[in-house]
Amino acid sequence: MEDKYPQQPKSSLGHREAVSQNLNQGEEEQPINAVPLYRKKRVLIPFFLLVIAVLAVVWYWYVNLRGFISTDDAYIDGNSVSLGSKILGKVVQLSVDEGDSVKTGQVLVNLDDSDLKAQEEQAKAVLLHSNESVALAKTNLDKARDDFQRTNVLFQSGTTSKEQFDHDKKAFEAAQAQYNIALAQVGVARSQLGVIQTQLKNTVIVSPIDGMIAKKWAMPGDVIQAGQPIFSIYDLKNIWATANLEETKFTSIHLNDPVEISVDAYPHRRFSGKVIQFGSGTASQFSLIPPNNASGNFTKLTQRIPVKISISEDEAAQKNQPALLLPGMSVEIKIKLR
């Protein structure tokens, strides 16, 4: 049987295959300039990454920066007391150490009081002697008064001489003066005793506030001068954040503006607060050497004004262990503008 379709010559088949290969090679070797931009991967991928980055920056600016004033030039601040002695004395005992909590009226320092106790005994003896002197002066005064009164009666009747009258009168006046001097000496002795007893009380130094010992400046055995600090105490129940903001941003801030606070020591916690006070001068005015721009040759720098911000931990953080905020900790603040 003959085939319905006669076989083509092999030479014809080879020609077709060659033509097909040439076409495929032509498509593969198409110039890159002829490919559209939207089909080039090395162009599309960087473009989409750039768009995503721009969108991320815009979103971050809109959520975190738009309508806010922020700074990292801020720290935790609080009331502090530099506890020292009012008198010269030797430290005998320190009842607390750094990091201890103290209460108002708690004894913290005992100074050597042996010398003052000796002076107290001496002052008591002087006071006793003065009291006895008063009694003696009072007796002499009474005697001189009686003598003068009798002499005065006799002188009026002409029985005694004028000389005797003058003599008894002067004796009475002298006795009166001696009595007044004795009374004054009692007052002086009592005052001296009071001073010594006050100094004895000053040998026992107590805490004026509730707080925590931040720094110990003396050791037992040290001889301290009047006014020399022994302890630095911080009141941790009354703390706030102090932020130094540029003067160019100062006019945008108002009292009671809400503030978001981030403490470096607690990166996963957020604290809230509000602006409660503005500083009365720039921070540079309280430096050791304040700037003096009276001359025309100076460099203008943007000054910073301290702003006091209250601190209140949010509800989510309060469910966990309360955070211990210590004065000096670094914080970042964001003030929401109204």
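No value in this document is a laboratory result; all are computed from the given coordinates. All values reported here derive from a predicted model rather than from experimental measurement. Glycine gets a Cβ as well: all are built from the backbone with ideal geometry, and neighbour counts include every protein chain shown.
By the gyration tensor of its Cα atoms, with a ≥ b ≥ c the square roots of the eigenvalues, what is the shape of segment 229-313: rounded for a/c under 1.5, prolate for a/b over b/c, or oblate? Write down the numbers at each step before the final one.
Values: a/c = 2.44, a/b = 1.50, b/c = 1.63.
It comes out oblate by the Cα gyration axes.
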> Nearest 20 debye, what's the magnitude of the dipole of segment 87-149 about its Cα centre given +1 on Lys and Arg Cβ and -1 on Asp and Glu Cβ?
Replying inline: 280 debye
